[in-house]
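Just so it is clear, none of the values below were taken in a lab; they were calculated from the coordinates. Here the structure is a predicted model, which means the values were calculated and not measured. Using ideal geometry, Cβ is built from the backbone for each residue, glycine included, and neighbour counts are taken over all protein chains shown.
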């Protein structure tokens, strides 16, 4: 085989190999960018979910406080009723 033909084959092989390496890098970069985008979207959704949960938690705490006050008022009325009830054994 002629020397120039071997050189051409080697050069073509190197160019093909370089193209494959470049394509693999680009594919990896594209995959990383896609994953970064997915991660950012998940963070955004998690942040919104956290905000909503905090709002519901605050509302639940307000309702619990109101219920506690209503229970205390009811208990006070029961005590008052017991105090003025002539039939209640003390």
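Yes or no: residue 12 in a helix (DSSP H, G or I) and more than 48 Å from the chain's Cα centre (by Cα)? Reasoning before the result, please.
Values: in a helix (DSSP H, G or I): yes; more than 48 Å from the chain's Cα centre (by Cα): yes.
Criteria met by residue 12.
Residue count for region 80-90, restricted to those that are in a helix (DSSP H, G or I) and either exposed (fewer than 10 other Cβ atoms within 10 Å of the Cβ) or in contact with a strand residue (DSSP E or B) (Cβ under 6 Å, 6 or more places away or on another chain) (or both): 2.
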